[in-house]
Each structure stands twice: as structure tokens, then as C-alpha cells.
1. Which one is farthest from ARG114 (Cα to Cα), of the residues in the range 288-321 that are among the charged types (D, E, K, R) and either within 20 Å of the chain's Cα centre (by Cα) or in a helix (DSSP H, G or I) (or both)?
2. Quick check on the range 261-274. Is at least one of its residues modelled with pLDDT under 90 and within 16 Å of the ligand (Cβ to nearest atom)?
3. Checking the condition surrounded by fewer than 18 Cβ atoms within 10 Å (Cβ to Cβ) and either within 14 Å of the ligand (Cβ to nearest atom) or at pLDDT 95 or above (or both), which residue from SER149, SER160 passes?
4. Looking at the range 190-203, is at least one residue part of a loop (DSSP other than H, G, I, E, B) and either farther than 19 Å from LEU316 by Cβ or within 16 Å of the ligand (Cβ to nearest atom) (or both)?
5. Take the conditions small (Gly, Ala, Ser), surrounded by fewer than 21 Cβ atoms within 10 Å (Cβ to Cβ), closer than 23 Å to GLN464 by Cβ and in contact with a strand residue (DSSP E or B) (Cβ under 7 Å, 6 or more places away or on another chain) and apply them to SER369. Does it pass?
6. Against the definition (away from the ligand (no atom under 16 Å from the Cβ), at pLDDT 95 or above, farther than 23 Å from HIS326 by Cβ and of a type outside the set (Lys, Arg)), how does ASN494 come out, yes or no?
7. Looking at the structure I just gave you, is TYR97 surrounded by 22 or more Cβ atoms within 10 Å (Cβ to Cβ), more than 11 Å from the ligand (Cβ to nearest atom) and hydroxyl-bearing (Ser, Thr, Tyr)?
8. When you scan the range 402-413, how many residues do you find that are in contact (Cβ under 8 Å) with a residue 24 or more places away in the chain, of a type outside the set (S, T, N, Q) and either away from the ligand (no atom under 13 Å from the Cβ) or in contact with a Pro (Cβ under 6 Å, 6 or more places away or on another chain) (or both)?
Amino acid sequence: MTNVVQSLSDFFATLGLTTVLIFVTVLLISLWMLSSRNPRVNWPPGPVCFPVVGCLPQLMISGRRRQPTDLLPWYDTYGNIMHIKLGEQHMIMLGTYELIQEAFVKNAATVSARPTWVYYIRRLVGKDGAGVIFKNGHAWKELRRFTLSSLRDFGLGRKSLQEKIQDEARYLVQNIEDENGKAFSPRDRIGKAVSNIISIVVFGARYDYEDTPEMLSVLEESVRLNKGGPLAFTNLARLLFPKKKFVLMDELYILIRQEVKRHRQSFDPTDIRDFIDLYIKVTQERLDPEIFTDWNVFRIIVDLYLAGTDTTANALRWSLVHMVNHPDVQKRVQKEIDQVIGQGRVAKMEDKASMSFTEATILEVFRMSTVVPMGGPHATSESTTLAGYTIPKDTIILGDLYRVLHDKNNFEDPYKFKPERWLDGDGKVIKSDKMIPFSIGPRICLGKGLAEMESFIFFTTLLQNFTFKVPEGDNPPNGVEGLHAITFSPHDYNVCTVRR
Ligand code: HEM
């Protein structure tokens with residue numbers, strides 16, 4: 001081996017710098033020609049692709065501010081459907097509701113896969129995918145159905161999920177009360193409250209805000225490491241991605257296995273306490289042993305944390321940003337809470353029907369601060385026609401939900417926070433098919449119902465108990481810009497509260 005390396009370096013030394021440069025240039029051009037547009041594929045317009053790296057340089061430059069608005073000017077140049085090459089991977093971005101509907105609903109049969117072949121995903125879940133988020137075909141449909149039915153309010157333990165969310169909202173109020181009106185950052189405590197709901201669903205337990213068990217800290221860290229941006233879709237991730245992520249996943253698997261073992265010891269088929277009990281039941285019934293495997297259940301647990309914590313938590317974090325920036329809206333929501341709920345009990349979902357302004361306010365938070373701006377990555381499982389273009393199999397498809405929710409043709413003054421836009425002349429809530437923060441089609445967010453319940457109960461309970469304000473001397477938090485890293489979170493901010 002040493003001899004080969006030595007001979008190669010001797011060979012290049014004899015060539016001289018110019019010859020080596022010419023050699024490298026020819027090699028790169030050949031690679032480009034081999035890897036660039038297949039002449040038989042008529043890709044939609046998009047930025048120029050370079051050899052090996054594709055459009056990554058332009059993406060890095062345009063996307064450096066990490067805002068969901070970063071790529072909006074590209075649509076003006078290339079049109080509503082864009083072709084972008086990430087390294088060797090072809091990707092299509094869809095910038096209007098009509099295109100997303102054509103892809104995710106009309107062509108759902110061929111555009112509902114996930115790109116499980118890309119290095120990063122394959123390394124995490126294996127080439128056949130696993131769980132719900134990263135599974136395809138028949139097994140995905142079965143696992144999705146199973147997870148949805150377990151999330152439905154069928155009574156986890158003795159209390160319903162709604163009651164557990166109400167309890168958690170009370171804990172959150174108590175925790176904020178301990179600040180005694182001093183300025184504080186709501187970020188972490190909102191995160192803990194929301195992740196407790198998933199812990200209750202999965203493990204049947206909640207944790208004190210100060211006392212995070214090992215499993216949750218490992219999970220939280222792996223979620224934190226998940227923010228790869230466009231690089232995650234390329235083979236370059238092989239070189240650049242933190243290896244730690246994969247080590248953490250192994251650790252997590254061991255911890256979850258221990259939890260499943262503990263559940264098995266106290267398992268009672270007549271008292272299903274949580275998701276793990278339900279899984280034990282399903283595996284004992286041997287419904288479909290190929291699908292209900294340990295690995296798939298482990299991944300569903302990770303999926304629920306991955307998809308169900310940062311999203312809902314960011315929606316709540318944004319809701320406080322908008323409340324401190326719009327005290328008039330906050331007052332109107334509180335007036336409605338006082339009329340419908342009063343101070344004697346916690347909100348329940350049935351109240352929502354009589355609280356149009358509160359519902360409109362939550363809708364406006366979901367719209368204005370789109371917490372999953374680009375949705376989840378879809379992929380074509382077969383060649384598919386979109387907007388007249390033939391898109392080959394194994395192309396990644398992203399629906400730009402942020403652009404749809406900030407398109408002035410869909411929503412007037414899209415960067416203004418205006419809950420009234422959701423109310424008609426009679427004060428009733430207007431439904432809009434363009435309102436797609438949870439995406440559309442068969443891949444639509446599996447936790448939509450849970451996210452809506454959590455948002456309503458947490459938000460109303462917070463405003464029932466406190467008036468939120470910008471601390472004296474602080475600048476109001478930014479209501480438009482934040483950090484876009486798969487999810488969209490507000491920049492860190494402090495608030496202070498006045499007890500009501
Ligand atoms: C405000 C809160 C939330 C928002 C805005 C949101 C949004 C989304 C979006 C845009 C997707 C991608 C859909 C697609 O690929 O087309 C998604 C997928 C998903 N979400 Fe949510 N989500 C939220 C909360 C939750 C919660 C609380 C859970 C869990 C309980 C959850 C579980 C999932 C799962 C499992 C998927 C993957 C579905 C699949 O691949 O079949 N989400 N969500």
C-alpha cells in the first residue's frame with residue numbers, strides 16, 4: 001500500500017502543477033456531465049448546478065440567514081416549481097397550494113414516499129426505513145394507522161389524554177408563577193411541558209421540569225443534532241455529519257428496550273396504560289410480526305418525540321411572542337376566556353366552539369409562524385407528471401408551506417398578525433383550504449389532532465392565568481424572523497407576567 005502511494009506521488013510530482021490542474025478540471029467536467037441533467041429529463045427551471053456539489057453553494061449563500069424567507073426570491077427568478085440539485089440528489093420545490101395539492105393529493109400514490117435512500121436517513125433507519133416518518137408503502141400505512149389509533153383519546157390509564165394535558169397546563173402555570181412576575185425565558189419550560197405530553201403517551205409518565213431522566217436527555221440531544229439543512233440530503237453528509245448522533249441512537253435504543261422490559265413485567269391487557277403497553281398487546285396478538293417489530297416501535301417512539309415536541313413547543317413560543325407584541329389581541333382572548341371558561345376551571349376542547357376569537361388567534365399563530373416551513377421531505381416512488389414536467393422516480397419533493405401561508409394572493413398583508421382575518425361578518429371562524437401548516441394528503445401530520453388540543457389548552461390556560469408583557473427595558477421580540485432549522489423557532493426572548 002505504502003509503495004502504491006509513493007509511486008502515485010512520484011508520478012504527480014513529475015507532471016507539474018499545470019498538468020495536475022488540467023487533469024482535475026477535466027475530471028470534474030466529466031463528472032458534471034455524467035451527473036448533471038439527464039438529457040431525457042426535462043427538469044423545471046432552477047439555479048445552475050455545479051459538478052459534485054450541485055446548487056449547494058448558492059443554497060449556502062442564499063440560505064445563510066436561516067430564515068424561511070431566504071429562498072423566496074428564487075421563485076421570482078425560476079417560477080413556482082423549481083429544480084434544485086443537492087450534491088448528486090435531484091430535488092423539486094413546490095411554491096403554491098395548487099402545486100402541493102397536485103403532488104401530495106392528486107398524485108399521492110407516487111409522491112407519498114420518503115427518501116430513505118439518502119445517506120443520512122439510511123444510516124439512521126436502514127435502507128427499508130422504519131417507524132412512521134421514515135417508512136414507505138404498506139408497512140407505513142399499517143404503522144401509521146396503529147400510531148394514530150393509539151394517539152386517539154381512548155383513555156390512557158384512568159385519565160383521558162385531554163385531562164393529562166389540562167394537568168400539565170396547571171404545572172406550567174405553577175412553574176411560571178414561581179417567577180413572581182420577574183423576567184424569564186419561557187423557552188425551556190414550554191419545551192418540558194410539551195415533551196411531557198409525549199412522555200405520558202409513550203411511557204405513561206411525566207417528569208418534573210428540573211428532573212430530566214437519562215432517556216429524555218439523550219432524546220433531546222439527538223433531536224438537537226437533527227438540524228442538518230440541505231446537506232442532510234447529500235452524500236457529503238457522510239463526511240460532515242456528527243457521528244455522535246448515531247451513537248446516541250444506539251444508547252437510546254438500549255434505554256427504550258429497558259422501558260419495554262419494565263412494562264412487560266407489569267403488563268395487564270385489560271389496563272392499557274400507554275403506547276408501549278399497546279405495542280406489547282399487538283405483538284402478543286401476533287397480528288403482523290413482519291411489521292410490528294421492535295425496531296419499528298423503537299422508531300415510532302423516536303418519531304413521536306422528533307415530530308411532536310419541537311413543533312408544538314415552537315407554536316406556543318411564537319404565540320407568546322405575538323401576545324406581547326399585540327396586547328389588544330391578548331386582552332380580547334382573555335375577555336373571551338372570562339366569558340366562556342371563567343377562573344374556576346381549565347379549558348377543554350368543547351369550549352373551542354364558543355371561542356371564535358381565540359380559535360382565530362391560534363390559527364393566525366400557525367399561519368404567520370409556520371413551524372415546519374418546508375413540511376417533511378416527500379419522494380417519488382415512480383415517475384410522475386407535475387405541472388407538465390415528468391419527474392423521475394427517486395426525486396425529493398418539498399412543499400413550501402411557508403410560501404403558501406405567506407402568499408398575498410391567499411392571505412392579505414401576510415406578514416401582519418391579524419386574527420380578524422379568520423372571522424366572517426357574524427364573528428364565525430372562516431375555513432380556508434390554503435391553511436396547510438400540517439401539510440396535506442396521506443402524509444399529513446399524524447399528530448394534528450393532538451397538536452391542536454395541546455395548543456388550545458396550553459394557550460388558553462396561560463392567558464387565563466397571566467397577562468404576558470415585554471420586560472421593562474427589553475426590545476419586543478421579533479414576530480417575523482426566527483431560526484429555521486427544520487422547525488422554525490423564535491429568537492430567544494424574555495417575558496414577564498402579571499397574575500390575573
Ligand atoms: C404545531 C404542531 C405541529 C405541526 C405544525 C406539524 C406539522 C407537520 C408537518 C408539516 C408534517 C409533514 C407532513 C408531510 O410530510 O407532508 C408532519 C408530519 C408528522 N407529524 Fe406533525 N406537526 C405538529 C405536531 C405534531 C405532533 C404533536 C405529533 C405527534 C404526536 C406529530 C407527529 C407527526 C408525525 C409522526 C409525522 C409523520 C407522518 C408520516 O410520515 O406519515 N406532529 N407534521
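The values are calculated or read from the model by the stated rules, or taken from the named source; none is laboratory data. The shown structure was predicted, so the numbers you read here are calculated from the model rather than taken from an experiment. All Cβ positions, glycine included, derive from the backbone under ideal geometry; neighbour counts span all protein chains shown.
1. Taking the range 288-321 as the starting set, the residues that turn out to be among the charged types (D, E, K, R) are 288, 290, 294, 299, 303, 310, 317.
Of the ones still in play, those that are also either within 20 Å of the chain's Cα centre (by Cα) or in a helix (DSSP H, G or I) (or both) are 294, 299, 303, 310, 317.
On the way: ASP294: 21, ARG299: 15, ASP303: 14, ASP310: 21, ARG317: 29 Å.
If we take residues in the range 288-321 being among the charged types (D, E, K, R) and either within 20 Å of the chain's Cα centre (by Cα) or in a helix (DSSP H, G or I) (or both), then ARG317 is farthest from ARG114 (Cα to Cα).
2. So far as the range 261-274 goes, yes, one or more of its residues are modelled with pLDDT under 90 and within 16 Å of the ligand (Cβ to nearest atom).
3. Result of the check over SER149, SER160: SER149.
4. no
5. In short, no.
6. Details: away from the ligand (no atom under 16 Å from the Cβ): yes; at pLDDT 95 or above: yes; farther than 23 Å from HIS326 by Cβ: no; of a type outside the set (Lys, Arg): yes.
No: the conditions fail for ASN494.
7. On the way: surrounded by 22 or more Cβ atoms within 10 Å (Cβ to Cβ): yes; more than 11 Å from the ligand (Cβ to nearest atom): yes; hydroxyl-bearing (Ser, Thr, Tyr): yes.
Taking the combined requirement at face value, the residue satisfies it.
8. In the first step, residues of the range 402-413 are kept if they are in contact (Cβ under 8 Å) with a residue 24 or more places away in the chain; the result is 402-407, 410-411.
If we keep only those that are of a type outside the set (S, T, N, Q) too, we end up with 402-407, 411.
Checking the rest, the ones that are also either away from the ligand (no atom under 13 Å from the Cβ) or in contact with a Pro (Cβ under 6 Å, 6 or more places away or on another chain) (or both) come to 402-403, 406-407, 411.
Qualifying residue count for the region: 5.
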